[in-house]
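The values are calculated or read from the model by the stated rules, or taken from the named source; none is laboratory data. None of these values were measured; they are calculated from a predicted model. With ideal geometry, Cβ positions are generated from the backbone for all residues, glycine too; neighbour counts draw on all protein chains shown.
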Amino acid sequence: MEVVSQNSNKQIPGNNKILVIGDALIDHQYWIDRMPNPGEDTVILSTSKNVGGSAANTAIGLAYLGAPTKFYGTIGRDLDGDLILGQMQVVGVDVSGIQFGEVTGFTITMIDQSSERTMFSFRGASSNALSMDAALLESIKTSRVLLTSGYQLLYPDQAAVVLSVAERVQAQGNLVALDPSPLIGDVPENIRARMLGLTDILLPNLRELAILTGEEDPSAALEKAPHLSKCVAVKLGHKGAWMSIRKGFQFSNGQMLAEDLCFQVPAIQVQAVDTTGAGDAFNAGFLASFLRNEAPENWLKSGNSLAGEVVQHRGAVSMFCSPSQSPAA
Ligand code: ATP
């Protein structure tokens, strides 16, 4: 792999810190025999309650891997909010920038015997726009990477703050990473285009890549992926992950890639129990390796490795924090 050095006069302002902006929620999971019809009653066989929200999951995974991680999002001043703060602090996420709204958001997932998931979501305080306070401005200056998600782009006032943060990060010479999220197709076209224009590292799964490229066929979508961003890492479920990096992409130490590269790395062979948060864990492993300035192939290996661990546990972050879980059915 060929790299060209950056201009030696240029400072890398953000060192190895990462700023994560997004949702922090509570995930309630209920295992049942089958979904009841309207008006019917059904027994819950087992339950689990964990911290969730794509960005929160990734922030927790990053801190677990030792990456200096600061999380910005909005939660309620309630027991669920306390649970989020506690579990983030246990793994070492810097929560000093978290802002407060009315009620902490949550999701309820019903999982039937065939593993079919039916979800109900309430974003609560997570849908509030962040206020661009002095602490956030300071974090922008001192972070090498901003990671955010497509959920932050759904509402214009929230999107305006995230776009402004991303513009400031880019103006500092630092990098923007985006997990487009399953709802990226619902983001207004002008906002989506602006965010993609600011994104250095795009982290979609295959469904999201299909939305972004307009190609349902995976091979055709992967062929178009390099046009979306300088670095595009696509999560392929049990098949692992694929990545394209284009010439000129900047590594965490500021060096530039001198040639286009493409990799595919298989997933680790495990018995998956629950794939909730697999993509978020992949993002954490990938970005932690990127921030350590490892070779690009290792970004994928590290992503697959953490995601492969997570899928062996119930709940997106239960292997990082103490879960609150009833016995398995
Ligand atoms: P989610 O929405 O469930 O968080 P996702 O749809 O964004 O996940 P996937 O492609 O399903 O992303 O999975 C992310 C990563 O998790 C994969 O790239 C792979 O590393 C790992 N993974 C997923 N399923 C398995 C599996 N069955 N065995 C091993 N690893 C897996």
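Structure notes:
- The criterion of at least 1 residues that are of a type in the set (Gly, Ala, Ser) is met by the following strands (runs of 3 or more DSSP E) wholly inside the range 18-79: 44-52, 74-76.
- The residue that is farthest from PHE263 (Cα to Cα), counting only those in the range 303-321 that are near the ligand (Cβ under 10 Å from one of its atoms) and without any contact (Cβ under 8 Å) to a residue 60 or more places away in the chain, is GLN312.
- With respect to the stated conditions, GLU167 fails to be in contact (Cβ under 8 Å) with a residue 60 or more places away in the chain, among the acidic types (Asp, Glu) and surrounded by fewer than 21 Cβ atoms within 10 Å (Cβ to Cβ).
- Residue within the range 94-108 that is crowded, with 24+ Cβ neighbours inside 10 Å and either assigned to a helix (DSSP H, G or I) or out of contact with any Leu (no Cβ under 6 Å at 6 or more places or on another chain) (or both) present: yes
- Where helices (runs of 4 or more DSSP H) sit wholly within the range 148-241, those with at least 3 residues that are away from the ligand (no atom under 15 Å from the Cβ) and at pLDDT 95 or above occupy 156-171, 189-198, 218-224.
- Test: ASP280 is of a type in the set (Asp, Glu), out of contact with any Phe, Trp or Tyr (no Cβ under 8 Å at 6 or more places or on another chain) and more than 15 Å from the ligand (Cβ to nearest atom): no
- Among (1) among the charged types (D, E, K, R); (2) closer than 30 Å to THR47 by Cβ; (3) in a loop (DSSP other than H, G, I, E, B), the one test that ASP280 misses: (3)
- The residues on offer are ASN253, ASN293, ASN304, and the sole one that is in a helix (DSSP H, G or I) and not small (Gly, Ala, Ser) is ASN304.
- Residue-level analysis places SER289 among those that are touching a helix residue (DSSP H, G or I) at 6+ places or on another chain (Cβ under 7 Å) and more than 12 Å from the ligand (Cβ to nearest atom).
- Enumeration of residues in the range 228-286 that are aliphatic (A, V, I, L, M), more than 21 Å from ARG207 (Cα to Cα) and in contact (Cβ under 8 Å) with a residue 60 or more places away in the chain: MET256, LEU257, ALA258, LEU261
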